[in-house]
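The values are calculated or read from the model by the stated rules, or taken from the named source; none is laboratory data. Keep in mind that what you see is a predicted model, and the values were worked out from it rather than measured. Glycine also receives a Cβ, built like all others from the backbone with ideal geometry; neighbour counts cover every protein chain displayed. For the accessible areas, the whole protein counts, side chains as well, though only heavy atoms, and no ligand, DNA or RNA atoms are used. Shrake-Rupley method; radii C 1.70, N 1.55, O 1.52, S 1.80 Å.
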Amino acid sequence: MPRAKRRKPYDPARTHDRRSRDLLRNAEVATVEVDNPLALEPGEKIVALRSIRNDPLARLHSHRQIDEAQYQAGRAFQSDWEKAERGPRAVDPSRDYVDGGQRREPITEGQRKAVLRLNRAERELGADGSALVHDVLVHGMTMEQIGQRRGLHTGRWKDYFSKRFRECLDRLALLYGFATEHPVPVKSLQR
């Protein structure tokens, strides 16, 4: 007769691996450290998977092609764009039908400030830089797609657009306050 297995006592120090192992066939993911939502102590981190398939900014950040300040500046630009955008609204069938047009929503203070920041960013970046940033951060285009859209298919143009986009992210980082204009001087060692 086989011997009965003993159960191991519960050990709360042993962590449970909550990472998903089953990904879609066309998934493109990168690992990222985030705050643990189930943490007992503040500041605990866990490793999570972030989809980078339709997010060129996250792809550049995960491949270490842009730094943290550039990444945060790009996200701030995207946030301002979403706040300022006032596109068409969906029809709500649960509301009563009324003849005539709807009243326009009043512009909030947050939308007004977002538009002012976007206008300043457009002035700082210029027409070409603003169009490049808009294509990548709003439309989600890659450098190859931007080159094809402009009829420039060579690798040199792709490299140019990449370098120009990083320069634009540097300007946005300065504009949004994620970077400083001049590096902080280091005191020399005196003997």
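Between T108 and E181, what is the FRET efficiency for a Förster distance of 35 Å, r being their Cβ-Cβ separation, to the nearest 0.05? Calculated value: 0.65.
Rolling a 1.4 Å probe across all protein chains gives K45 an accessible area of roughly 110 Å². Is the shape of region 129-168 rounded, prolate or oblate, going by the alpha carbon gyration tensor and its root eigenvalues a ≥ b ≥ c, with a/c under 1.5 for rounded and a/b larger than b/c for prolate? Note, shape of region 129-168 comes out oblate.
Accessible area of region 104-144 with a 1.4 Å probe: how many percent of it is carbon plus sulfur? In region 104-144, the share of accessible area belonging to carbon and sulfur is 52 percent. Computed over neighbours whose Cβ is under 14 Å from that of V133, the net charge equals +1, Lys and Arg +1, Asp and Glu -1. Subtracting the Cα-Cα distance of E167 and K5 from 0.36 nm times their residue separation leaves 52.0 nm of extension gain. On the beta carbon distance between E68 and R25, with R0 = 45 Å, the FRET formula returns roughly 0.90.
When the charge dipole of region 103-142 is built from unit charges on Cβ atoms (+1 for Lys and Arg, -1 for Asp and Glu) and taken about the Cα centre, the candidate among A131, L118, P106 whose Cα reaches farthest toward its positive end is P106. If R0 is 35 Å, the Cβ-Cβ spacing of A39 and A127 corresponds to a FRET efficiency of close to 0.15.
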